[in-house]
Each structure stands twice: as structure tokens, then as C-alpha cells.
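Colleague: Below: one structure in C-alpha cells.
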Amino acid sequence: MTPLSSLALSGAGEPLFCSDVHLGEECPELTEPFLAWLDEALRSTRTFFILGDLFHAWIGDDLLDQEVLYPETVRAARKICEALKAFTQTGGHGYFLAGNRDFLMGDRFFAQTGLRPLAEECLLQFEGRTWLLCHGDHLCVDDKPHQELRRKLLSLEWQKDFLTQPLSSRADFASGLREKSRQAKTMKSDAIMDVNPQACLQRVRDLNCVGLIHGHTHRPGRYDLAEGLTRWVIPDWQALPSAEDKNKDGEAASTYKGGFLRLQSAGPKLTALSYPASLEAPQ
């Protein structure tokens, strides 16, 4: 399925965006809170966007054929596919823009969800304005090692070779890559791992947009670029250990944070969520 590089919304209500949920083995506690939120979210909108990194790792659509490797990822994916398919089969419109963790989402995933794939950059026309949508990591231009790795992993030749390997080999590669990433982050400054403001401004200018909507950085908020142009970062999702709260075994319980962005006629609106203090439905 050919990814869309532009999209015009008309009469579709206010679109809702999420990003950087990172479901999977590294944070299984997030699966149920996110699924509960997703159910409410899909009831509140007719247009739903995922701007990458829905899963912490995705090594091919054939992951869904088994439950031995990445069982939490598979469990979450099957439930999400079911929810999104019901949404798109009843008139909802859903779109997926790949992140640096789930760029191997393929035609099978899109068929099982009814989502349409978006290109690395997609121009969204809404209420007479044009917004630039992306995951965001391609704008972290100061992180040279990441950009070099990114070029390799997005190569069609590399992906074709990778997907012919046994699933277990792909899982081993992904695990090793994540460990290298964790180690590399300890050696990098926060500024280097963030998007480059000038690069963002240049893309927004070049494409005649009013602003940029993205994820990836885990630094949600509104950021002013220049000339009235803005950059909006969608909230990420994560589990946070709580020293104050204990579970029945006396261990530290987890609290959760997440959020979403709703694009309104007046502009984007960010909503932060927290668990278990609240499980807010999108307003």
C-alpha cells in the first residue's frame, strides 16, 4: 500500500493523535491502560492518527503468527488490530506514520487494522490550514550516528534481506540494537537527541505549513519556531515507579502517564493523562 504524502480532511470532525506508546515486553503494565484509553478515544473521534512507535519493537508482520517471541507485543497488537478494524469498518478513518521502532509495519498490519500508511512527512489540510505531520526522528539532524543508522534501516534492500531471516534471528538483532541504543544515549546530550529547531523551521517554511506535529522526543508541549509558526510534540506513554504506593506484595507500584493531541479549528490541544489517578476519556 502506497503511503500518503498529503491528506485533506473535510467534515471528519476533530482528528485525534497519539504517538510513542512503546507497547511490549519492556513495559507490559502499559498495555491495559492504553487499550482502555484507545476504546474511549475511538468513540470520541472519526479520524485517528498514530505517529509512530506504537510498539517498542516490530520485527515483521509475521510476529502475529506466534506467541513465543514478544508475547506481550503480540497480545497487545492483536487487541489493537481488532479495535482499529472495528473503528475503520464502521466509518472511522485511521492513519499510521511509522516511527523508528515500528518502521517494518507491512501490508498485513494495514489490512488487519484498516489504517492507511502515511509517508515520512505528510501534509494535512484541516480547516483551511496545512500542518506537517511526521514522527520526528529525521529532524534530529545533530545526532549523526542515529541518522546514519536510520538510513541503513530504512533501505529497502536492507529491509528485504532482514525480513527473509528467521523470526528468532530478527528478535536477537532487535534486542542487540536496543541495548546499543541505551548505551549510546548515556553518551549523548539532551540537545543532540532533540529535533533541530532550525531544521524544523526550514521544513515548515518550505512546505508552506502553519506548524509541525510530531512525536519521538518524549518532550510534549508547544514550541514556538518563528514568524508565528509552531511545533507541537504529542505526549509519550510510560510507566513510572511510585515509591509512595505499594502493591499487595509490598513492592513499589506503578503509575502511568500518557496523553494525546486533538486538532481543533483553533489549533492543537494537548491533553495529559495519568494512571491510576485518572483514566480520562478524550474531551
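Colleague: Roughly how many debye, to the nearest 20, is the charge dipole of region 111-194 about its Cα centre, given +1 on each Lys and Arg Cβ, -1 on each Asp and Glu Cβ, and no other charges?
Modeller: On the way: 13 positive and 13 negative charges, 48 e Å.
Approximately 220 debye in magnitude.
Colleague: Kindly sort ASP61, ASP102, ASP39 by accessible area of their heavy atoms, largest first, with the probe set to 1.4 Å.
Modeller: Values: ASP61 20, ASP102 0, ASP39 70 Å².
Output order, biggest surface exposure first: ASP39, ASP61, ASP102.
Colleague: Counting Lys and Arg as +1 and Asp and Glu as -1, what is the net charge of the other residues whose Cβ lies under 12 Å from the Cβ of LEU4? Spell out each step's value before the answer.
Modeller: Values: positive: ARG116; negative: GLU120, GLU121.
With Lys, Arg at +1 and Asp, Glu at -1, the net is -1.
Colleague: Follow-up question, since we're still on this one. Along the charge dipole of region 92-199, Cβ charges K/R +1 and D/E -1, which of THR113, ALA174, TYR95 sits furthest on the positive end?
Modeller: Final value for the positive-end residue is ALA174.
Colleague: Of all the accessible heavy-atom surface of region 66-206, with the other protein chains kept in place and a 1.4 Å probe, what percent is carbon and sulfur? Working shown, then result.
Modeller: On the way: 3870 of 7230 Å².
The C+S portion of the solvent-accessible surface of region 66-206 is 54 percent.
Colleague: Just going by the charge dipole of region 8-83, with Lys and Arg at +1 and Asp and Glu at -1 on Cβ, which of LEU9, LEU51, HIS22 is farthest out on the positive end?
Modeller: Going by the Cα projections, it comes out as LEU9.
Colleague: Could I ask something else about it? I'd like to know which of LEU132, HIS216, LEU201 lies farthest towards the positive end of the charge dipole of region 79-234, counting +1 on Cβ of Lys and Arg and -1 on Cβ of Asp and Glu.
Modeller: HIS216
Colleague: Suppose every K and R has +1 on its Cβ and every D and E has -1 on its Cβ; what is the size of the dipole of region 151-205 about the Cα centre, in Debye to the nearest 20? Don't skip to the answer; put the middle values down first.
Modeller: Numbers: 11 positive and 6 negative charges, 31 e Å.
Value, rounded to 20: 160 debye.
Colleague: Also: Taking the Cα centre of the chain as origin, work out the dipole magnitude from +1 charges on Lys and Arg Cβ and -1 charges on Asp and Glu Cβ, in debye rounded to 20. Don't skip to the answer; put the middle values down first.
Modeller: Values: 31 positive and 39 negative charges, 117 e Å.
My answer is approximately 560 debye.
Colleague: Give the total of Lys-Lys pairs in the chain with Cα-Cα distances below 25 Å; include a pair only if its members are 8 or more places apart or on different chains.
Modeller: 17
Colleague: How much accessible surface does TRP158 have with a 1.4 Å probe, in Å² rounded to 10?
Modeller: 50 Å²
Colleague: With every protein chain in place, what's the accessible area of MET1 (1.4 Å probe, Å², nearest 10)?
Modeller: 110 Å²
Colleague: When the helix-only estimate is applied to the chain (DSSP H runs of n ≥ 4, each -39,500 (n - 2.57), divided by the residue count), what is the mean residue ellipticity at 222 nm, nearest 500 deg cm²/dmol? Let's see the in-between values first.
Modeller: Numbers: 8 runs with 91 residues, N = 283.
Mean residue ellipticity at 222 nm (helix-derived): -10000 deg cm²/dmol.
Colleague: Continuing with this model, one more query. Find how much the distance from GLU29 to ARG150 grows on full extension, using 0.36 nm per residue of separation minus their present alpha carbon separation; answer in nm with one decimal. Numbers along the way, then the final one.
Modeller: Numbers: separation 121, 0.36 × 121 = 43.56 nm, distance 2.88 nm.
Residue separation times 0.36 nm, minus the Cα-Cα distance, leaves 40.7 nm.
Colleague: Give the peptides 89-98, 211-220, 169-178 in descending order of average Cβ contacts within 10 Å, highest first. Don't jump to the answer; show the numbers that get you there.
Modeller: Details: 89-98: 17.8, 211-220: 22.8, 169-178: 14.6.
Packing proxy ranking, top to bottom: 211-220, 89-98, 169-178.
Colleague: Rounded if a/c is under 1.5, else prolate if a/b beats b/c, else oblate: with a ≥ b ≥ c from the C-alpha gyration tensor eigenvalues square-rooted, which is region 89-214? Display every interim value, and only then the final one.
Modeller: Values: a/c = 2.39, a/b = 1.14, b/c = 2.10.
Here region 89-214 falls in the oblate category.
The values are calculated or read from the model by the stated rules, or taken from the named source; none is laboratory data. All of these numbers come straight from a predicted model, not from anything done at the bench. Positions of Cβ are generated from backbone atoms using ideal geometry, with glycine treated the same way; all protein chains shown enter the neighbour counts. Accessible surface is based on the protein model in full, side chains and every heavy atom, while ligands, DNA and RNA are left aside. Shrake-Rupley method; radii C 1.70, N 1.55, O 1.52, S 1.80 Å.
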